[in-house]
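One structure is given below, encoded as structure tokens.
The values are calculated or read from the model by the stated rules, or taken from the named source; none is laboratory data. Keep in mind the model is a prediction, meaning the values are calculated, not measured. Neighbour counts run over all protein chains shown; Cβ positions are idealised from the backbone, glycine included. Each accessible area value is taken on the protein alone, full model and side chains, heavy atoms only, with ligands, DNA and RNA left out. Shrake-Rupley method; radii C 1.70, N 1.55, O 1.52, S 1.80 Å.
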There are 2 protein chains.
Amino acid sequence: MDERQLRILRELGELGSVTAVADALLVTPSAISQQLRLLQRAIPVPLTERQGRRLVLTDAGQALAGAATEVESALARARHTVEEFLDRPDGEVSVAAFSSAGAAFFPLLLRALAGPDGPVLALADADVTQDDFPPLTREYDLVLAHRLDHAPPWPRTVTATPLLSEPLDVALPAGHPLAAKPRLTPRDVADQPWIAVHDGFPIMATIEAIATAAGRRPRLAHRINEFSVAAEVVAAGGGLALMPRWTSRPHPDLVLKPLSGVQARRRIDALHRPERTARKAVRTVLTELRGAARTIRDGLAHDDDG
Amino acid sequence: MDERQLRILRELGELGSVTAVADALLVTPSAISQQLRLLQRAIPVPLTERQGRRLVLTDAGQALAGAATEVESALARARHTVEEFLDRPDGEVSVAAFSSAGAAFFPLLLRALAGPDGPVLALADADVTQDDFPPLTREYDLVLAHRLDHAPPWPRTVTATPLLSEPLDVALPAGHPLAAKPRLTPRDVADQPWIAVHDGFPIMATIEAIATAAGRRPRLAHRINEFSVAAEVVAAGGGLALMPRWTSRPHPDLVLKPLSGVQARRRIDALHRPERTARKAVRTVLTELRGAARTIRDGLAHDDDG
DNA sequence: ACGATCTTTTAGTTTCACTACACAGTCCGC
DNA sequence: GCGGACTGTGTAGTGAAACTAAAAGATCGT
């Protein structure tokens, strides 16, 4: 007793003849007859009986045909389950971000998607090396990753949605001699001690580019990934650091000065497996991420700070 | 997307590896892998993903696996539908009977099965010739039929449950000269005019046997199938008639006298197709029919008449 | 009685799920 | 770190199952 045989039985109940069922199912009457015989073989009481030259259902056959209808509707529901799953606006969407992007984007995202019937956010921070961003898309629907402008592009296995192209400024103590200048050149800062990131993390290449532009080798005094930690060290006179202009919360004792002469920008992208955007909820979050990026770029992110 | 593929997907969700599913379903992992691939071909988003060297369900896969469970339970219900149909005590049971059996059995049957949760009776009278009783089992669950003791048995296509072996008495007007005798011989009645049944109906052979036993040819004055009609004609002096001792309601102006010397009995059987008794409701009615037969034989049928 | 209609049977073909086997990726212990 | 165990996947071949075609059997209407 399989789905097809039950289907045939139900059709026979509705259409009232083997020929009609065959026409409806686009096969020969012979096929219908054979399948009915197979179904009957599994059941100890007659399901059909001849009525003149037509074949109709017995009471037992009608009972089984009724159950067949339930099987078919369950199958139809199963066939629609995937689309429904994809079209649900309120599914859980997991988003991973490296620290500074999380600090900047997560609050905006939570605020934008606070209402009911929207995606349920599952946020996570993930500070990994450049190469480890793409694999994160296996675990998270969306991954906020960053890379330098001239770094190699993301692998083809992931889709990258550009969110922000953010300048990297030089952070220095408010009382520092260089703080008086409106903008800094590589020669201004090449001899200063630098607070760099760990190996494999994106900002590193820019520090090296600055030193190279001035014909020096960079003085790497400290290795600190976390911008908030680095900011404190800069304020305490530990050295200079490159800091993103928009996504790091301003430190009261620090000033950010733009660099000229070298391309010092990082790109923030949302990475994801292509199929993830089949889900409406994921598309919604991605749209909100772009909106948040505009907010951040236009300097509206910290409005609530007065 | 068929039932088997959904089954495989569900098992994969529960067991967590292709090999485990293969073991559970008694096939090779290759077969599982191929079926998963076929299922995936019909769905635009990934249902499974590698996790180390194992294969697990994606969220979409889990959604579909959930729907698969419903399909399976619907199929399981379908597989049990027939048995449930057979085990239901409250189905409709159709019973056909020739006139006198209906008059005697139907009231007892209705009284015995009056309660709720019992079979719903669909009664019908059917006065047909001997040969036409077996075909009635196509239309009715149970058919009360009668035949003479020495008549050929019912064909093998039907099952016969013996209910009653009933003497046939000679009915004569209360004032008839023969009414004084306690029992009658063939010679007593052979020369009397008879009220016989139509050709092909069971009682005929016995009338002929009586005449033959006396060395005569029977005088067939009238042809009346219905015992109640025949009784009125006998009472009016139209002739003698053979009447069943128990299943005909006594006529006030008639007496019934037993015959000796010839075997004058009819058998009342319940005929049915063998598979009909697969239904519990039919078995219940058959049991009640046997009980009713005892009641009739023991003369308790007309208790309510005072 | 005959043709039309419907179902069933039989034989042959096609389709499809499966096995066997080889191979590739991943984990684990020495 | 490297072979060996484990897990999943691809390929060719096999067998079962569902189908078509053709013919026969059954029933209806004229």
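The residues of the stretch A:33-44 that are farther than 14 Å from A:Ala65 by Cβ and within 7 Å of DNA strand C (Cβ to nearest atom), listed by number, are A:Ser33, A:Gln34, A:Arg37.
Regarding B:Ala96, is this residue more than 14 Å from DNA strand C (Cβ to nearest atom), within 12 Å of another protein chain (Cβ to nearest Cβ), under 45 Å from the mean Cα position of the chain (by Cα) and surrounded by 21 or more Cβ atoms within 10 Å (Cβ to Cβ)? Let's see the steps before the verdict.
On the way: more than 14 Å from DNA strand C (Cβ to nearest atom): yes; within 12 Å of another protein chain (Cβ to nearest Cβ): no; under 45 Å from the mean Cα position of the chain (by Cα): yes; surrounded by 21 or more Cβ atoms within 10 Å (Cβ to Cβ): yes.
Here the answer is no, as B:Ala96 does not meet what is asked.
Residues of the stretch B:1-52 that are within 14 Å of chain A (Cβ to nearest Cβ), touching a residue at least 24 places away in the same chain (Cβ under 8 Å) and either hydroxyl-bearing (Ser, Thr, Tyr) or surrounded by fewer than 16 Cβ atoms within 10 Å (Cβ to Cβ) (or both): B:Arg4, B:Ala42, B:Thr48.
Per-residue answers, yes or no, for (1) over 18 Å from A:Gly261 (Cβ atoms); (2) modelled with pLDDT under 90; (3) out of contact with any Leu (no Cβ under 8 Å at 6 or more places or on another chain):
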position: A:Thr137; (1), (2), (3): yes, yes, no
position: A:Arg147; (1), (2), (3): yes, no, yes
position: A:Arg156; (1), (2), (3): yes, yes, yes
position: A:Leu163; (1), (2), (3): yes, no, no
position: A:Trp194; (1), (2), (3): no, no, no
position: A:Thr206; (1), (2), (3): no, yes, no
position: A:Ala209; (1), (2), (3): no, yes, yes
position: A:Ser228; (1), (2), (3): yes, yes, yes
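Evaluating A:Leu109 against the criteria (1) closer than 30 Å to B:Ala76 by Cα; (2) away from chain B (no Cβ under 12 Å); (3) in contact (Cβ under 8 Å) with a residue 60 or more places away in the chain leaves one unmet condition, (1). When we screen B:Pro116, B:Pro107, B:Pro89 for residues that are in a helix (DSSP H, G or I) and within 46 Å of the chain's Cα centre (by Cα), the only hit is B:Pro107.
From A:Glu72, A:Glu84, grab the single residue that is away from DNA strand C (no atom under 12 Å from the Cβ), at pLDDT 90 or above and within 10 Å of chain B (Cβ to nearest Cβ). Testing whether each residue is away from DNA strand C (no atom under 12 Å from the Cβ), at pLDDT 90 or above and within 10 Å of chain B (Cβ to nearest Cβ) leaves just A:Glu72. Of all residues in the stretch A:256-266, none satisfies being at pLDDT 90 or above, open to solvent by less than 10 Å² (accessible area, probe 1.4 Å) and either within 14 Å of another protein chain (Cβ to nearest Cβ) or more than 21 Å from A:Ile207 (Cβ to Cβ) (or both).
Can you confirm whether A:Ala104 is away from DNA strand D (no atom under 15 Å from the Cβ) and within 14 Å of another protein chain (Cβ to nearest Cβ)? No; evaluated as a whole, the condition is false for this residue. With respect to A:Val170, determine if the residue is touching a residue at least 12 places away in the same chain (Cβ under 8 Å), β-branched (Val, Ile, Thr), open to solvent by less than 70 Å² (accessible area, probe 1.4 Å) and closer than 30 Å to A:Val95 by Cα. It is true that A:Val170 is touching a residue at least 12 places away in the same chain (Cβ under 8 Å), β-branched (Val, Ile, Thr), open to solvent by less than 70 Å² (accessible area, probe 1.4 Å) and closer than 30 Å to A:Val95 by Cα. When A:Ala209 is tested against (1) open to solvent by less than 60 Å² (accessible area, probe 1.4 Å); (2) free of Cβ contacts under 8 Å to residues at least 12 places away in the same chain, exactly one condition is not met: (2).
Does B:Leu57 meet the test of being assigned by TED's automatic domain parsing to the domain that holds B:Ala20, within 16 Å of DNA strand D (Cβ to nearest atom) and farther than 22 Å from A:Leu64 by Cα? Against the criterion (assigned by TED's automatic domain parsing to the domain that holds B:Ala20, within 16 Å of DNA strand D (Cβ to nearest atom) and farther than 22 Å from A:Leu64 by Cα), B:Leu57 qualifies.
Which is more than 30 Å from A:Gly66 (Cα to Cα) and either within 9 Å of DNA strand D (Cβ to nearest atom) or assigned to a helix (DSSP H, G or I) (or both), of B:Ala78, B:Ala20, B:Ala74, B:Ala65?
Values: B:Ala78 fails: more than 30 Å from A:Gly66 (Cα to Cα); B:Ala74 fails: more than 30 Å from A:Gly66 (Cα to Cα); B:Ala65 fails: more than 30 Å from A:Gly66 (Cα to Cα).
That would be B:Ala20, the only listed residue that is more than 30 Å from A:Gly66 (Cα to Cα) and either within 9 Å of DNA strand D (Cβ to nearest atom) or assigned to a helix (DSSP H, G or I) (or both).
Taking the stated definitions as given, is B:Leu6 within 15 Å of DNA strand C (Cβ to nearest atom), in contact with a strand residue (DSSP E or B) (Cβ under 9 Å, 6 or more places away or on another chain) and aliphatic (A, V, I, L, M)? Judged against the criteria, B:Leu6 is not a match.
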